[in-house]
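Below: the structure, in structure tokens.
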Amino acid sequence: MKKAFFSLAAALLLLFSLFGFSTLAAGTDDLSSTVAPGGSICFSNTSSNNGFIHTGPADRRSDFIIDYAIYNSDGSVKASGTGSRGIQNVPAGGRAIVTNAGSSTIEVYRKKTAFSASVSSYPALAKLQLAPSASAKFTNISSAGAPVSTGPAAYAAYNSDYTLSDFGTGSASLHAVPVGGYLICTNSTSSTITVYGAYEAFTVESTKKAALNRLTLAVNETAVYTNNSSSDAYINTDKADYAIYYGSGAIMTYGTGVAGNKSVPSGGSIIITNSGNTPIDIYGAAEIFSSSKGGQPALLRKTVEGGASILLINVTSESSSVYTGRADYASYASNGNLTGFASNSSGTRAVEAYGSIVITNNLTASVTVYAPFEVFKAETSSAPALLNTTLSKGKTVRFENKGTLAANVYLSRGDYAVYNSEGSFVACAENGSGMIEVPSRGEIVITNNNSSDLSAYAPEAVFTRVYSDSNKPALLKTTLPGGSTIVYFNYSSDIAPVTTGKVDYVSAMSSGYISAFGSGGSGTFQVSAEGTLKLTNAGSYPVSIYGPFRNFMAWSDTVPALYLNEIAPGKNITYYNTTSSRQSLIVGKCKFFVYKHNGVLASSRNNFEGGSVDIPANGRIEIYNIGTSFITVYGPSSCFADKNNYMSIYDVEDPGRELVLPTGLLKSVINSSTALNAIDSALNSFDEKQYKSVAAAEKLALFAENAASRTASQTIKDSQLSLDAEKLKTPAAAVATALTAIKERIGKSEVSLLRELRTIVRFASGSDSLSISITADIKDAEADLIIIDTPSYRLYINPADITEDAEITASYEDGKLSLETSIVLGLGLSPISAKNLDFQTFKTADETIIAARYNPVSGLIEGNIGNSGVYTVSENKKEFTDIGDYAKEVQDAITFLAAKGIINGKSNTSYAPSATITRAETAALLVRVLGAVYKGEEGSFTDVSKANWFYESAILSQKLGLIGGYTDGSFKGNNVITKNELLTVAARLLSSRMGWGEGDSSALDKYKDAVPDWARASAALCLKAELYPERVDGSFSGAEGLTRADAAVILYRLYMLMN
């Protein structure tokens, strides 16, 4: 038998070893101790690891009983038990006390290298045998919480301050007892049970005190439990009605049919009523709660039959609530003021102190209402909670507020108008819904204009309901067909609103004074007392209009609200004020002159952006459309008449110039996927007017090129960069791949690119100091442009411009870039401020202005640099006094190009916009646009010598392929340049510098006069790029000499595209 026992032990220990525990097995490393019946022994784990002891009887019988208690190294109880056999885990530094509680000798094995053993003078457990209904008290005398095993007994555990820690019943498990606390357990079974805890942690004694105060309630029986402790504590109950009160007697909470623990405040009480069909059990800690049976029930329960009403009154000085099933209700304060209401709903309803609630059951089935019995009393109510109203189509009802405070009426959906006690208008709506506030002594008129029934209700105690005549609805409603006019007249003494869809409108006061007017307006318009609102539907679809019925009458009119005209580009119109008072007129972007009744000029604007203009009594205004699209002019038809004339002038600016792209996203581009995300965001920035915009398309092209360049960005190490064709090969191929995906994505949008996208290879340096070596073979690379970014500036290198090896060195400090270069390159520097970006440009150390402009994609001021030097950004705004009469774009072009040093005035204040411009002047302008630098080259023009002021610019323009001269080899610099000639030069720049393709020559057929064959291709490409303004007379007029104003606009548009 001993052999079999050891085999079993070995198997168990093997199982423990498989789970990673230290094992104990009988062998040469083991020691055993024999414990006689009633004896105890202490095993101390002297090792640094957990260890195991094994207990068993000496004769290996199974009729043994072992008590044990295991302690951690700090003396706290780890585990305790009785009747166990086998292996026990003892923590490092801990102890195990084993008591032989049986009648047979036992042996305990342990590792001799891990444990020391000594006889214990006290047992492992403090335990008692409890007869049925007997109780025991365990007191925790240790420095830590410890468990007591009670078996299937009732128990209550307390903290050291005698507050309740835990309680329960019939639970055969361990129960924690806090430090200094105690536990009382009562045997609630019919058999003797054993209760115990660790001997070193507990004292145990028999007690006559029961653990729990338990009651059994018969059906409809009531009990009261009072919390006599200094803290909140729980009562456990089966499903029942209950009401919990504070010590002050105020209600805390209540409910029904909920089993489980319920918190009772210190000094408070809980009333429990068995509202079920079978007895229920209730219990709480006996030392906390006192109890009694009998008394009033927990809840005041009422059953309300269909169609009946009940009144519940709060008889206490504290707010409380009533629970109701699905029903109508209205609650009131003690002074009778309404506090809340709803129809056909269920839930808990607040009732103020000494307030009341009326509940009406509008269903056929009965509903249950309950509330705390000690808080409420109930009475039968002869009046319903609400005035429930159902209106069929076309019917009207009035609710009159007879109370002293504003109150709400609920409306499912319908027209309504609200008036105050004096009958003055307050609010109205078409197809309004929800709670509508009605002033004290006021009223609301409700009309159903829908095909389905309308539901409305209000508290019966506050409102009186009156059904109205069908010819007195809430609103005066009109459906106004397209092209029709109606007048709403406010015959009341109050301001009142009219709400309308999109219409032309004129609002006039009773005196006839025009207070407001507009075209295509919608919304709500306030009409003064005895005033009018004239409305014209200028569209083709009907428009709905309404105002409060009591305030308005309406009639049709044959004269529209506005005298409205659209002025074609290049035309003008005269409006006459036919009244004896000052009137306003709305005009679009134009030039205008306003005259008094006697013909004296009152005011004028050469470039008015559009808006309101005042016209003197019996005066007139002459309006000139200086744009290329129609403008609208309108004023009240009762005030104005007009006369038409004609003129021809410039068109309007490209809307794409206002396009703002998400350039911040470019910094996040690292591959094709993120590049496409940036492109999608850019495309989402377009509005409908910008889809076909040249400026917008060019911005998108720049954005796309920059995004693609970042997919293969190269890092510059040690501020040194060597550029040759081989170095550009791999990144150029990667960028080309990204461009293919980008063009495919753009091709699926409504935006069309107008040129081929360039392959830009980007390099980035973390340093502002650079040394760059360039070999001439990069002109053969597949890259169209090279970008070099540093923290403070950007360089652009065009491989096609490289004809020989070159060196560049650059450094940046305090806003100044020091540059040594043997080639022309692009430069980008940060703006000096976010304001006046159009007037910021480059300046050299000797104050020379170099053309540069703001790039909205890079966020930099950028231009071409041809010489070494020190460069900064400077503001260089120029103002001329003789351009104010010209179109805004002409003024913008002149001031912009003057700020860049590209064009100059005839003096500091005079530009001479109407003067013609020569070929020599044009060559100088183009060279400045390109930033080209004369370095001693010689030209072949037969009529140009160094004595000419334009010698260098003429030679450079020939070298750059801009102006080739005439067939006889002459330049003819003093000749006026024609439109055909300037467009030919511009087309060469678009093709060579920007990669634009060809234009559609057939598009030129729209002009009245023919474009010569030699100029057709150039003119078609410039038309595609919208480089020149269209003439309103339909002619091209390419042979005409250009004025300085004309040339400024063309060069301005070209410069904006090129850069």
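Rule-based calculations on the coordinates, nothing more; no lab input. It should be emphasised that the depicted structure is a prediction, and the values quoted were computed from it without experimental measurement. Positions of Cβ are generated from backbone atoms using ideal geometry, with glycine treated the same way; all protein chains shown enter the neighbour counts.
Structure values in brief
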item	result
Alpha-carbon Rg/Rh ratio, for region 888-1058, with Rh computed the Kirkwood way	0.95
Per-residue Cβ neighbour rank within 10 angstrom, fewest leading, TRP555, TRP996	TRP555, TRP996
Inter-part distance where region 351-373 and region 156-207 are each reduced to a Cα centre, Å	46 Å
Unit Cα scatterers, Debye sum, region 486-637: log10 I(q)/I(0) for q = 0.09, 0.11, 0.13 Å⁻¹	-0.32, -0.47, -0.64
Largest-first ellipsoid semi-axes for region 870-937, taking √(5λ) over the Cα gyration tensor eigenvalues, angstrom	23, 16, 10
Label corresponding to P(r) over Cα pairs in 10 Å bins from 0, in percent when calculated from the structure given, among (1) 2, 8, 10, 10, 9, 8, 9, 11, 11, 10, 7, 4, 1, 0; (2) 2, 8, 14, 15, 15, 13, 11, 9, 7, 4, 2, 0; (3) 2, 10, 17, 21, 19, 15, 10, 5, 1, 0	(1)
Surrounding net charge for LEU860, when Lys and Arg each add one and Asp and Glu each subtract one, Cβ distance under 13 Å	0
Tail beyond 15 Å, pair distance distribution of region 758-806 (Cα, percent)	45 percent
Entries in LYS78/LYS112; LYS748/LYS979; LYS699/LYS743; LYS699/LYS906; LYS571/LYS699; LYS472/LYS534 that, when Cα-Cα distance is taken, lie over 26 Å	LYS748/LYS979; LYS699/LYS906; LYS571/LYS699
Positive-end residue, region 475-557 charge dipole about Cα centroid, Cβ charges, pick of GLY531, SER510, TYR546	TYR546
Computed magnitude of the charge dipole of the chain (debye, nearest 20; Cβ of K, R +1, Cβ of D, E -1)	2480 debye
ASN220-ALA776 pseudo-label distance in nm [points 7 Å out on the Cα-to-Cβ vector]	11.9 nm
In region 111-151, the trypsin sites (Lys or Arg not before Pro) that fall in loop regions by DSSP, at most 11 other Cβ within 10 Å	none
Charge dipole of region 270-327 about the Cα centre (unit charges at C-beta), most positive-ward option of ALA298, ILE310, TYR323	ILE310
Fewest-first sequence of LEU1027, LEU700 by Cβ atoms within 10 Å of each Cβ	LEU1027, LEU700
Structure-based [θ]222 nm, the chain - -39500 (n - 2.57) summed over DSSP H runs of at least 4, per residue, nearest 500	-4500 deg cm²/dmol
Exposure proxy order (Cβ contacts within 10 Å, fewest to most) of PHE763, PHE341	PHE763, PHE341
Added length on full extension, which subtracts the Cα-Cα distance from 0.36 nm per residue, SER440 to SER118	106.7 nm
Selected from GLY247, ALA285, ALA725, residue furthest toward positive end of dipole (the chain; charges at beta carbon)	ALA285
Other-chain or far-sequence residues with amide H under 5 Å of SER484's (modelled H)	ASN537
Where N is the number of residues in region 964-1059, Cα Rg divided by 2.2 N^0.38 Å	1.05
Cβ-Cβ FRET estimate between ALA736 and TYR541, R0 fixed at 41 Å, reported to 0.05	0.20
Cα centroid separation, region 455-527 to region 895-916 (Å)	58 Å
Reciprocal mean inverse distance between Cα atoms of region 389-473 - Kirkwood radius, Å	12.4 Å
Rg and Dmax of region 655-875, Cα atoms only, in Å	17.3, 51
Filtered trypsin sites (Lys or Arg not before Pro), region 667-757: DSSP coil and at most 10 other beta carbons within 10 Å	LYS717, LYS748
Counted charge near SER331, where neighbours are those whose Cβ lies closer than 13 Å (Asp, Glu -1; Lys, Arg +1)	-2
Net length gained if the chain between ALA333 and SER468 were fully extended (0.36 nm per residue, minus Cα distance)	45.5 nm
Potential lengthening between SER510 and THR404 on full extension [0.36 nm per residue; Cα-Cα distance subtracted]	34.6 nm
Principal-axis tilt of helix 725-747 within the chain, Cα atoms, nearest 10 degrees	80 degrees
Magnitude of the charge dipole, region 888-1058, Cβ model with Lys/Arg +1 and Asp/Glu -1, debye to 20	440 debye
Student exercise, region 959-1059 dipole from Lys, Arg, Asp, Glu Cβ charges, in Debye to nearest 20	340 debye
Region 562-646: C-alpha gyration tensor shape, a/c 1.5 cut-off, then a/b vs b/c	prolate
